[in-house]
1. Considering only region 156-200, how many residues are free of Cβ contacts under 8 Å to residues at least 24 places away in the same chain and not in a loop (DSSP other than H, G, I, E, B)?
2. Could you list, in sequence order, all residues of region 141-155 that are surrounded by 13 or more Cβ atoms within 10 Å (Cβ to Cβ), without any contact (Cβ under 8 Å) to a residue 24 or more places away in the chain and under 17 Å from LEU97 (Cα atoms)?
3. So, of the residues in region 80-95 that are open to solvent by 40 Å² or more (accessible area, probe 1.4 Å) and of a type in the set (Gly, Ala, Ser), which turns out to be farthest from PRO147 (Cα to Cα)?
4. Can you tell me which residue in region 2-36 is farthest from ARG76 (Cα to Cα), limited to those that are in contact with a strand residue (DSSP E or B) (Cβ under 6 Å, 6 or more places away or on another chain) and open to solvent by 30 Å² or more (accessible area, probe 1.4 Å)?
5. Kindly provide the set of residues from region 273-309 that are polar (S, T, N, Q) and exposed (fewer than 15 other Cβ atoms within 10 Å of the Cβ), ordered by number.
6. Report, by residue number, each residue of region 115-170 that is more than 12 Å from the chain's Cα centre (by Cα) and β-branched (Val, Ile, Thr).
7. Which one of these is open to solvent by less than 40 Å² (accessible area, probe 1.4 Å) and either in contact with a helix residue (DSSP H, G or I) (Cβ under 8 Å, 6 or more places away or on another chain) or over 30 Å from GLU261 (Cα atoms) (or both): ALA218, ALA179, ALA196, ALA191?
8. Select, from GLY227, GLY240, the only residue that is in contact with a Ser or Thr (Cβ under 7 Å, 6 or more places away or on another chain) and not aliphatic (A, V, I, L, M).
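The values are calculated or read from the model by the stated rules, or taken from the named source; none is laboratory data. Everything numeric here is computed off the predicted structure, so don't read it as measured data. Cβ placement follows ideal geometry from the backbone for every residue including glycine, while neighbour counts extend to all protein chains displayed. To get the accessible areas, we keep the full protein, side chains included, count just its heavy atoms, and leave off ligands, DNA and RNA. Shrake-Rupley method; radii C 1.70, N 1.55, O 1.52, S 1.80 Å.
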Amino acid sequence: MKLVFAGTPEVAVPALDALIASDRHEVAAVVTRPDAPAGRGRRLVASPVAERAAEAGIEVLKPAKPRDEEFLARLREIGPDCCPVVAYGALLPRVALDVPARGWVNLHFSLLPAWRGAAPVQHALMAGDEITGASTFLIEEGLDSGPVYGTVTEPVRSTDTSGDLLTRLALAGSGLLVATMDGIEDGSLKAVPQPADGVSLAPKITVEDARIDWAAPALRVDRVVRGCTPAPGAWTEFRGERLKVRTAVPAPDRTDLEPGELSVGKKHLHVGTGSHAVELLWVQAQGKKPMAAADWARGVRIAAGERLG
């Protein structure tokens, strides 16, 4: 099939690479979000998908909105059979959905109908799911509600951050997306409607969602830290300033600390929760680089009775 691939962040690049490498399909163009300011200089930078497409000599389309008439005219001119999508980042209007004969097919990083929305991996981790995966489905105008072509599963490891899990799902999902394109092309694959039961939503994680509640059990604190790493980053407050918690592990042998209470050792920094303590391994103070939590604690000279939160 002739394909137009839509995607934006780094997590979409493995799928683009897999489709480029396929000998059954042609990636005629790529659709991605417009260049965005990045870094200290806030200069405009192309998306990872745009950069990869340019390296491969593939036409890149960057509409401000996918309903822009100039973009739609070019899409019709290319005449794709199908448009695979991975984390594009914009809602597709009906007028765009109607262009490819075989529709737009999304690779979504959950086992649908679980975790429909922008942050499925983060929500799966924060909810304590033991198994997750990826699904390919035909995009409709509803939120991730279209019929499903296929799935792959992935176990959630006890130390996984959302970044770790997303990296694995991006690789596994790239193979699923190519297999889905193959099956659509030869007619061997039919999309199956999602069940009405088991629907859960995964809206974008806000900064406030990433705030650690030290009165919650240690298990909840662990899930919030892992689910919000690397973005937006779990955080708390210390002396009125924000402190990001990059890595924390449960410490069930420490039950002597009140929620938020700190215990500083030579090589360890423990903080109390609503159950047992957690040990902070890496933290990042406001305006600083990440550092070992015990080193940070010694540097700020924590006084008796000081707490986080």
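1. Summing the residues that are free of Cβ contacts under 8 Å to residues at least 24 places away in the same chain and not in a loop (DSSP other than H, G, I, E, B) in region 156-200 gives 3.
2. Result: no residue meets the conditions.
3. Step one: of region 80-95, the residues open to solvent by 40 Å² or more (accessible area, probe 1.4 Å) are 81, 87, 89, 91, 94-95.
Keeping just the survivors that are of a type in the set (Gly, Ala, Ser) gives 87, 89.
Numbers: ALA87: 18, GLY89: 20 Å.
Among residues in region 80-95 that are open to solvent by 40 Å² or more (accessible area, probe 1.4 Å) and of a type in the set (Gly, Ala, Ser), the one farthest from PRO147 (Cα to Cα) is GLY89.
4. Residues of region 2-36 that are in contact with a strand residue (DSSP E or B) (Cβ under 6 Å, 6 or more places away or on another chain), as a first pass: 2-7, 12, 15-16, 19-20, 25-31, 35.
In the following step, the residues that additionally are open to solvent by 30 Å² or more (accessible area, probe 1.4 Å) were identified as 2, 20, 26, 35.
Details: LYS2: 12, ILE20: 21, GLU26: 16, ASP35: 23 Å.
In this case the residue turns out to be ASP35.
5. Within region 273-309, the first condition is being polar (S, T, N, Q), and the residues that meet it are 273, 275, 284, 286.
Across region 273-309, the qualifying residue is only GLN286.
6. ILE131, THR132, THR136, ILE139, VAL148, THR151, VAL152, THR153, VAL156, THR159
7. On the way: ALA218 fails: either in contact with a helix residue (DSSP H, G or I) (Cβ under 8 Å, 6 or more places away or on another chain) or over 30 Å from GLU261 (Cα atoms) (or both); ALA179 fails: open to solvent by less than 40 Å² (accessible area, probe 1.4 Å); ALA196 fails: open to solvent by less than 40 Å² (accessible area, probe 1.4 Å).
ALA191 is the lone residue from the list that is open to solvent by less than 40 Å² (accessible area, probe 1.4 Å) and either in contact with a helix residue (DSSP H, G or I) (Cβ under 8 Å, 6 or more places away or on another chain) or over 30 Å from GLU261 (Cα atoms) (or both).
8. Numbers: GLY240 fails: in contact with a Ser or Thr (Cβ under 7 Å, 6 or more places away or on another chain).
Only one candidate qualifies: GLY227.
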